[in-house]
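To start, the structure itself, in structure tokens.
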Amino acid sequence: MSIATGENAPTGVKVKRATRSSWAGLVVLVPILVFLAMAPYVLDRGLQQQLVTLFALIVMATMWNLLAGYGGMVSVGQQAYIGIGAYGLIYLAETLGINPFISVPIAIVIAGLISIPISFLAFRLVGGYFAIGTWVIAEVVKQITMQIDALGAGSGLSLTVLNELSPGRRIAYVYWLGLIAVVLAVGVTYFIMRSRLGLGFTAIRDDATAASSLGVRVTRSRRIVFVVSAVGCALAGAVIAMNTLRITPESIYSVNLAAFMIFMVIIGGLGTIEGPIVGAIVFFALQQWLSELGTWYLVIIGVLAIVITLFLPRGIWGLISGNGKIRLFPVGYRVVSPWTARRGLGEKEPEGA
């Protein structure tokens, strides 16, 4: 490719992240967030609780995408941290008497600390062995929980301290917690992928060996994301516990949660920030419309996942965005020629540029 020189040569080439679509997305996103923040004043309690469920789904999908879509670690065991977050919250609030809203950050920190030694075990496995290994680890965590009487053994736990609040205030507070959880999950993912750590993940995802030879600390980077994903999943678990007020090992540690996370990311768009959000919204809508169909509901979801994987490998967001032309959360770089900007002013690009 030749470069224009002389009088018609461009003065320089710019490297940018933001796009017109990202600025337009920001203009739209801010009013949406303002509306969602004010929702408890205008929406009924039932709809608020449903939105909390959606918020938890978005957090779970975003964290799984961070782990698998960006980190290249396909896990089938993130429900372990969902359960730790939920059980940790209720134990701290009910047994130790700590304010439940203060218990949330403590519970997710505990989940993050537990994930560190687990990562040393899980990282000894690769590929499909890693996926199955994380599933086994989640089952082990579930069995340990069921053996502890203080955690209700196999019968589960109830969060009763929130009954001290009026139903309206309780639901509103949990709603705002869920909304904050979404903002944190998406925001942390966005800033991680814009950092040097995120740049290293691009290299790791393409070829971990080559990335290591170029100085990228592969294991350290993966461990950081593994812990962040665990913390995010624990936050989703805490939100679920506060929304339902009761959890059991069979529900909160269910492998179905892992299947749901994978489904949401695959249909939404793997390796994008927008994809898991879209996937979570679609999955939530399907839950509302098809839940009365019983087992056929799961069959329909499975067929939909297969169809999208075959015909829309980039997911629904890939279709909406024109295979990446529209980016609401730009995390990569793009090279912009000065002539690209000048075309918008009607200036003709010189031959050979």
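Please count how many residues of segment 70-99 are assigned to a helix (DSSP H, G or I) and either among the basic types (K, R) or surrounded by fewer than 24 Cβ atoms within 10 Å (Cβ to Cβ) (or both).
Looking only at segment 70-99, we keep the residues that are assigned to a helix (DSSP H, G or I), and these are 70, 79-95.
Now restrict to residues that are either among the basic types (K, R) or surrounded by fewer than 24 Cβ atoms within 10 Å (Cβ to Cβ) (or both): 91-92, 94-95.
Result for segment 70-99: 4.
Could you please let me know if V188 is within 20 Å of A107 (Cα to Cα), modelled with pLDDT of 90 or more, under 22 Å from the mean Cα position of the chain (by Cα) and not hydroxyl-bearing (S, T, Y)? Walk me through it before giving the result.
Details: within 20 Å of A107 (Cα to Cα): yes; modelled with pLDDT of 90 or more: yes; under 22 Å from the mean Cα position of the chain (by Cα): yes; not hydroxyl-bearing (S, T, Y): yes.
Criteria met by V188.
I need the full set of residues from segment 269-320 which are among the aromatic types (F, W, Y) and surrounded by 15 or more Cβ atoms within 10 Å (Cβ to Cβ), in order please.
Start the filter on segment 269-320 by keeping residues that are among the aromatic types (F, W, Y), which leaves 283-284, 289, 296-297, 311, 317.
Passing the criteria: F283, F284, Y297, W317.
Could you tell me whether segment 5-26 includes any residue that is among the polar types (S, T, N, Q), modelled with pLDDT of 90 or more and over 18 Å from Y190 (Cα atoms)? The answer is no; no qualifying residue exists.
Pick from S251, S229: which is within 30 Å of Q49 (Cα to Cα) and either among the basic types (K, R) or crowded, with 24+ Cβ neighbours inside 10 Å (or both)?
Details: S251 fails: either among the basic types (K, R) or crowded, with 24+ Cβ neighbours inside 10 Å (or both).
So the residue among S251, S229 that is within 30 Å of Q49 (Cα to Cα) and either among the basic types (K, R) or crowded, with 24+ Cβ neighbours inside 10 Å (or both) is S229.
Take the conditions (1) within 14 Å of the chain's Cα centre (by Cα); (2) among the aliphatic types (A, V, I, L, M); (3) surrounded by fewer than 23 Cβ atoms within 10 Å (Cβ to Cβ); V59 misses just one of them, which is (3).
Number of residues in segment 40-73 that are under 19 Å from A285 (Cα atoms) and either touching a residue at least 60 places away in the same chain (Cβ under 8 Å) or in contact with a His (Cβ under 6 Å, 6 or more places away or on another chain) (or both): the value is 16. Scanning segment 228-255 for residues that are within 15 Å of V74 (Cα to Cα) and of a type outside the set (A, V, I, L, M) yields S229, C233.
The values are calculated or read from the model by the stated rules, or taken from the named source; none is laboratory data. Only a predicted model underlies this, so the values are computations on that prediction, with no experimental measurement involved. For neighbour counting, all protein chains shown are included, and Cβ atoms are generated from backbone atoms with ideal geometry for every residue, glycine included.
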